[in-house]
1. For the Cα atoms of chain A, what angle does the longest principal axis make with the long axis of helix A:347-361, in degrees from 0 to 90, nearest 10?
2. Nearest 5 percent is fine: what portion of the DSSP beta bridges confined to the protein assembly as shown is antiparallel?
3. Taking neighbour counts of Cβ atoms within 10 Å as a proxy for exposure, in what order, fewest first, do A:650, B:212 appear?
4. Quick one: check the C-alpha center-to-center distance for segment A:113-162 versus segment A:32-101, whole angstrom.
5. Determine, from the Cβ-Cβ distance of residue A:155 and residue A:189 and an R0 of 35 Å, the FRET efficiency 1/(1 + (r/R0)^6), rounded to the nearest 0.05.
6. Rounded to the nearest Å, what's the spacing between the alpha carbon centres of segment A:207-232 and segment B:93-111? Just the number, please.
7. If I stretch the segment between residue A:458 and residue A:519 completely, what's the gain in nm (0.36 nm per residue apart, minus their alpha carbon distance), one decimal?
8. Can you tell me the orientation of helix A:306-319 relative to chain A, as the angle in degrees between its alpha-carbon axis and the longest Cα principal axis, to the nearest 10?
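Values in this text are rule-based calculations from the coordinates and carry no lab data. Bear in mind the structure is a predicted one, so any value in this text is a computation, not a measurement. A quick note on method: Cβ atoms are made from the backbone with ideal geometry, for glycine too, and the neighbour counts reach across all protein chains shown.
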């Protein structure tokens, strides 16, 4: 009868993993000061940078075009002073053997560091490396200062090297090499701040809250574009007009280099903000406080069937919250419950809702609640709460109950699974998209179709699982790249898999999960593990519930699958495995080191660093160094990439455990390639451990 | 088993036709999102923006259907009203719920938390303010309200509230028919400046209020229809 109290705004939603789209549709208003972004997607004027920084944790996507150059940039403010960017550019009318239909595609990375923040008496100063990895088409370094004055006027001046020192040079520091290190893809440290340097600068004027006009003097001569493309700029003076929407989206129009026109759009999102903070999920059931003295009544312990009745009551109560009760160990003063949480991305919220439901189902004498969340039948932790605390602290700060909560190892703690729940069969049929972004030859390739998935749970921790895809359309198979490789072709035949694998058996596996000992977690998977490999995969993880450190070992013996992705195999088989260390630094940063042997038999290590947010966002980068020589590895020299995980709860504004990860690999090569097996342990385990639970505790009472 | 396969087959056709995705799995990738998109597209903006006003008949009906306390609450900037019935008591706190499973908790008639409204008021340290307002005395009281930020981390606004006593006025709503004193709390602190108003009955119970409950919802008006 009552359909109100809904947020007045309709949530805009999107089913596309494209970050730009998600940001464009779901980004909340940017609360902090306005930063203007340039054609490179960096804080800047038109083509030149400024010393401003985005607010911490801002993710930006910029799509720009000026003359023949189209640039798409994803930028992230890694810390308040450090920012990074990845750019994919397409240069039209470019004469190069690497051009595809006259378009030369190039990828580049930037890093910027804010040396000095602006004060009343001094400007902000930033040092930046542009296109510092790779072929260096956009390679340039700069030191830039920006100062704002009254009436919205901001003045910028800087000195640039490389590309940014190619017009109007006033001096020279050493010589700048043009030779490539390795096979490209290596930091071009031998060029930084070398060669000619030239001044650049400009002025911007914020006409009002929304509009800014900009003028700059560019020190970029577009030398390469003059030589190999049709750039014929006649002036170093560029002019621009920004319009910034309330959401933070910036639209700009430019007149550049005397005869070029440009336009850009930038979406900026602070990952620590949300359209609906705290989510729109339904209210939890309130705590039911016991009458005074009721706790002393132990009469129920003599009642036949009381335990089963309690189980059924709690099962219904948890189902009401989208949670699943699978086991109950009920004693006079203590109850241990075994639950599954398919709904809440915030695990503390799942624990909080379980605790409240327990106050309504448990006999009054039960004082200690132990909640054991399980994933794939394995107990992840035991969260112990006192019922008196739950009753007493329901309406105070969430911190208070955290101080009374004990999280312990759940080894041998989980009650057995209730009869009748397993075996269990689940299935789904849903559309899928497979996206390949920023391929060296094409900005976006995608396939879409239908995916049929089925899981048969023989026991809570033993699962047969399969998924089949049928393509409906797309152009992933149009990739005509046939990369040369001096290594076994463990990944570079991806186009053949896409062409021939229709329909395809994506996965068909049997997996078993377990708790072999205190602080230990295990996984055993056998079958068609991923689209290119089948075999056996085993994993063992050690993690204390309250520790930021985890150690793991994964051993796999795999055989390469036929391109048609049916049951057959090719004649490449190998051992691959890693020892891993994971560490949560506690300031939102999370690191991982994997050392071992990769699919092509090369030996080495992968280093990863992610910044993670309690609302589920993750932004990170990784690099893999192996004994495969740069020559054997080929273009790019070594494997590296960035990844962005978008939490569906943030996009939808309501509880969800799903997360879409967009991985941007520099190039798909055969060196440093890892098996892509499902359900690696660490991600499952840490969700229910401290410090992760603590960080999310604000939603305990949500 | 055969029948269930047939059923799956049939449903698959339906699912594919709808391009929506289906199944009995709890965590189907993309399904939720797809449905949400479709719903949003079909519903459009207008549907959600319809103001909702509770007609007097509905109020009478609700009061007749229960003997529990009932509140009428309006979120001003959404122009949406709801009837709330008491569903739980914990010490001095009473929790009321709408039929849409949103809840509001009151301390002596003062809202101390909300759930399910979006940008919920997570908790309040309101005992001193509530006591002062209930005593119908002018004075100063501390007041803290807590929310989750976009990252789901708790933040608090801490205020000092200057409470002033205003005039007496009749309060007639639902089963309530009495005279109340208007108490105004002007609060300054970490958050936006607030002016909350409370109508306090003879026994110190807050019968009606207009108070700020968060950045998204703004001010909410509450009115006891039965205590």
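1. 20
2. Working: 298 of 306 bridges.
DSSP beta bridges in the protein assembly as shown are roughly 95 percent antiparallel.
3. Working: A:650 27, B:212 22.
If I rank by nearby Cβ atoms, fewest first, I get B:212, A:650.
4. Comparing the Cα centres of segment A:113-162 and segment A:32-101, I get a distance of 14 Å.
5. Numbers: r = 32 Å, r/R0 = 0.90.
Here the calculated transfer efficiency is 0.65.
6. 58
7. Working: separation 61, 0.36 × 61 = 21.96 nm, distance 2.51 nm.
In short, 19.5 nm is gained.
8. Rounded to the nearest ten degrees, it is 20.
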